[in-house]
Amino acid sequence: MAVADFDGDGSVDIAACHEGVGCFVYLNDGHGDFGQGILIHGPAALPYSMIAVDLDGDKRPEIIVGYVEAPGTIFVNDGTGKNYRQIPFGDAKGSIYGMAAGDLDGDGLPDIAVARSDAPSFFNVDQSTPRPLPHCAARRPIYHPNDTRIFRERS
């Protein structure tokens, strides 16, 4: 579950994935009523984690969902809070149990750090300028999915 103003009306909305049903956005009418919800993805995989963050700088947050044994998905908000384009990321290994967003490469846009069980954790940065994190200390390898560099625990 994630909360953010997905439609830009100044009221906080809710995004939630329901096992076996799908992922929905519940738009707040400004009085705390949310209605039926807008289906943004059917029940293709078991959802396990979710965050909301504006990845493209348009002031409307995207919804990022981590799944069990399936690639994660970025739901790119068209600005209305009602329509989303899906972009898969990562692979189908392990379970994405935690995600965080922040500017990891210094380009001014948020990047996504992903924690997984039973598979290496990784980070996604701007595809055109991936940058390694120096002296990255991790219990499991951290990698950029489109890069060959692997960062291992410091000795």
Starting from the 7 Å offset along Cα-to-Cβ, what nm value, one decimal, do you get for the label separation of K82 and S11? 1.5 nm
Whole-Hz Karplus couplings 3J(HN,Hα) for the range 16-23, θ = phi - 60° and coefficients 6.51, -1.76, 1.60, Gly and Pro as x, run 8, 10, 10, 4, x, 10, x, 9
Net charge within 12 Å of A113 by Cβ-Cβ distance, Lys/Arg positive one each and Asp/Glu negative one each, not counting A113 itself? -2
For S49, what charge total do you get from the other residues with a beta carbon under 14 Å from its beta carbon, if Lys and Arg give +1 and Asp and Glu give -1? -1
Output ³J(HN,Hα) for the range 47-53: one whole-Hz value per residue in order, computed from phi by the Karplus curve 6.51 cos²θ - 1.76 cosθ + 1.60 with θ = phi - 60°, and x for Gly and Pro. x, 10, 8, 7, 9, 10, 7
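Values in this text are rule-based calculations from the coordinates and carry no lab data. Everything numeric here is computed off the predicted structure, so don't read it as measured data. Note: ideal-geometry Cβ built from the backbone for every residue, glycine included; neighbour counts use all protein chains shown.
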